[in-house]
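Visitor: One structure is given below, represented as structure tokens, and several questions about it will come after.
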Amino acid sequence: MSSSCSGLSRVLVAVAAALVSASSPCPQAWGPPGVQYGQPGRALTLCCPGVTVGTPVSWFRDGETRLLQGPASGLGPELVLARAESTDEGTYTCRTLDGALGGMVTLRLGYPPARPVVSCRAADYENFSCTWSPSQVSGLPTRYLTSYRKKTVPGADGQRMSPSSGPWPCLQEPPGAARCIVHGAEFWSQYRINVTEVNPLGASTRLLDVSLQSILRPDPPQGLRVESVPGYPRRLRANWMYPASWPRQPHFLLKFRLQYRPAQHPAWSTVEPAGLEEVITDAVAGLPHVVRVSARDFLDAGTWSSWSPEAWGTPSTEPLLKEISVGDQQHTQTEEEPQADSPAPPRPSLLPDPQPLDHRDPLEQVAVLASLGIFSFLGLVAGALALGLWLRLRPVEKDGPQKSGLLAPMISVDKLPGVPNL
């Protein structure tokens, strides 16, 4: 913890020194000794090194005898430029009243820093790195000061600071690189990154809030190989490995996306394999194919990785040889891979088979079974309708049993009108 505090203290001291240097009329040395910096279009003051304050001096451009400012100006060891231009850049010399050389100053013009452009990425679940670039070219020597802290968590009394929330310096690896790394980050925590651009004319800060689950982007898979499958002119086998930067494979898995295409075709075909290998079954026979693969967290956190380096492969042109035993002799039979759009006819077997060969088309068998089912259903429906109609029209018994016989009258003869009783 003490090293972290001392590192942060150095950051704050550097920023304060840059601000003081930019506001001072005679700024302190920033970078190589004997160099002073200014902004085009602004007034600036050059100070003669090696003389005490108040000592009158004469100023010259290096290599010129023309006097720029004499000792009678009342400015002492200072040379004032009311409006600096690009033509004012160069080396200036100052001399005391006795003609001795007081010192030499080199003037360089540039611009104050602007807020840098910062982006962060996590290649695994434990570490993440941030990179930056200037949003405006200053033309001056520039340093970057980087730190981070864990964001505060809202609580019952508003925002509460955790003792372990930082800030800590974000280590630039290697020193001076436009990249810093945070080790041992927590996956479910949020962090605030501070990148400050500092040059002799000032400082500018960019703050960026990140979380590991949103910036997770694995490195591309490694070791991609593409091989032909002997005897199959439309197949290729591709396999690869996890990226070396993904250290916790047993606990956090990756899923993969594979793309392939023939060399002459611009469009890619995409599949998502279930593991570290995929067999391509629709390759174009005789043509070389290019294959690439990318990775992503298996729970879809973050984004897909960049594509792996491309690998090439050409399907096999050799026929598939199959050894068949007939008796005590070995026979070699050549087989061809069936095409996807034309089913291969059945081939006679050289081995004795107690089961008879069935050459009927499976689709025909399904059609016959469906027809039989439909006719059976229609027969059942017709029988049910006939039974219901018979039950509807059969005679109902009233007032005792009726006379038997098919020709029995519906009404008794003695009840007909005009018929005398016998």
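The values are calculated or read from the model by the stated rules, or taken from the named source; none is laboratory data. Just so it is clear, the structure is predicted and the values come from calculations on it, not from any experiment. Heads up, the Cβs are rebuilt from the backbone with ideal geometry, glycines too, and the neighbour counts pull from every protein chain shown. When the accessible area is computed, the model is the full protein with side chains, heavy atoms only, and any ligands, DNA or RNA have been set aside. Shrake-Rupley method; radii C 1.70, N 1.55, O 1.52, S 1.80 Å.
Visitor: Determine whether A72 is open to solvent by 50 Å² or more (accessible area, probe 1.4 Å) and at pLDDT 90 or above.
Guide: So A72 does not fit the description; no.
Visitor: Would you mind telling me which numbered condition in (1) of a type in the set (F, W, Y); (2) open to solvent by 40 Å² or more (accessible area, probe 1.4 Å); (3) modelled with pLDDT of 90 or more W188 fails?
Guide: Of (1) of a type in the set (F, W, Y); (2) open to solvent by 40 Å² or more (accessible area, probe 1.4 Å); (3) modelled with pLDDT of 90 or more, only one is false for W188: (3).
Visitor: Among strands (runs of 3 or more DSSP E) lying entirely in the range 85-139, which contain 1 or more residues that are in contact (Cβ under 8 Å) with a residue 60 or more places away in the chain?
Guide: The strands (runs of 3 or more DSSP E) meeting that bar are 101-109, 117-121, 128-133.
Visitor: Restricting to the range 145-159, name every residue that is open to solvent by 50 Å² or more (accessible area, probe 1.4 Å) and at pLDDT 90 or above.
Guide: Selection gives R149 alone.
Visitor: Next up: Going by the conditions given, is L201 of a type in the set (A, V, I, L, M, F, W, C), within 24 Å of P309 (Cα to Cα) and either in contact with a helix residue (DSSP H, G or I) (Cβ under 8 Å, 6 or more places away or on another chain) or at pLDDT 95 or above (or both)?
Guide: no
Visitor: Test each condition in (1) open to solvent by less than 40 Å² (accessible area, probe 1.4 Å); (2) part of a loop (DSSP other than H, G, I, E, B); (3) within 30 Å of N127 (Cβ to Cβ) for A244 and report the one that comes out false.
Guide: Among (1) open to solvent by less than 40 Å² (accessible area, probe 1.4 Å); (2) part of a loop (DSSP other than H, G, I, E, B); (3) within 30 Å of N127 (Cβ to Cβ), the lone unmet condition for A244 is (1).
Visitor: Continuing with this model, one more query. Report, by residue number, each residue of the range 229-241 that is farther than 26 Å from D297 by Cβ, open to solvent by less than 50 Å² (accessible area, probe 1.4 Å) and touching a strand residue (DSSP E or B) at 6+ places or on another chain (Cβ under 7 Å).
Guide: V229, G231, L236, listed by residue number.
Visitor: I'm checking my understanding of the structure. Among residues of the range 160-185 that are in contact (Cβ under 8 Å) with a residue 12 or more places away in the chain and open to solvent by less than 40 Å² (accessible area, probe 1.4 Å), which one is nearest to K150 (Cα to Cα)?
Guide: S165
Visitor: Among the residues of the range 96-122, which ones are crowded, with 18+ Cβ neighbours inside 10 Å, in contact with a Leu (Cβ under 8 Å, 6 or more places away or on another chain) and farther than 19 Å from L207 by Cα?
Guide: The answer is V105, L107, G110.
Visitor: Is the range 288-308 home to any residue that is under 16 Å from H265 (Cα atoms), at pLDDT 90 or above and more than 25 Å from the chain's Cα centre (by Cα)?
Guide: yes
Visitor: So which residues in the range 81-105 are among the hydroxyl-bearing types (S, T, Y) and either more than 18 Å from D62 (Cα to Cα) or touching a Gly at 6+ places or on another chain (Cβ under 6 Å) (or both)?
Guide: Across the range 81-105, the qualifying residue is only T96.
Visitor: Shifting gears a bit: Do any residues in the range 214-239 that are of a type in the set (F, W, Y) have Cβ atoms under 6 Å from those of residues that are surrounded by fewer than 19 Cβ atoms within 10 Å (Cβ to Cβ), where the two are at least six apart or on different chains, and which pairs are they?
Guide: Y232/E337
Visitor: Shifting gears a bit: Quick one: which of Q330, Q355 is in a strand (DSSP E or B), surrounded by fewer than 16 Cβ atoms within 10 Å (Cβ to Cβ) and at pLDDT below 70?
Guide: Within the list Q330, Q355, the selection yields Q330.
Visitor: May I pose another question? So which of V284, V293 ends up being among the β-branched types (V, I, T), assigned to a loop (DSSP other than H, G, I, E, B) and either touching a strand residue (DSSP E or B) at 6+ places or on another chain (Cβ under 8 Å) or over 28 Å from G184 (Cα atoms) (or both)?
Guide: None of the other options fit; the residue is V284.
Visitor: Can you name every residue in the range 256-287 that is surrounded by 16 or more Cβ atoms within 10 Å (Cβ to Cβ) and within 13 Å of F298 (Cα to Cα)?
Guide: Listed by number, the residues that qualify are F256, R257, P273.
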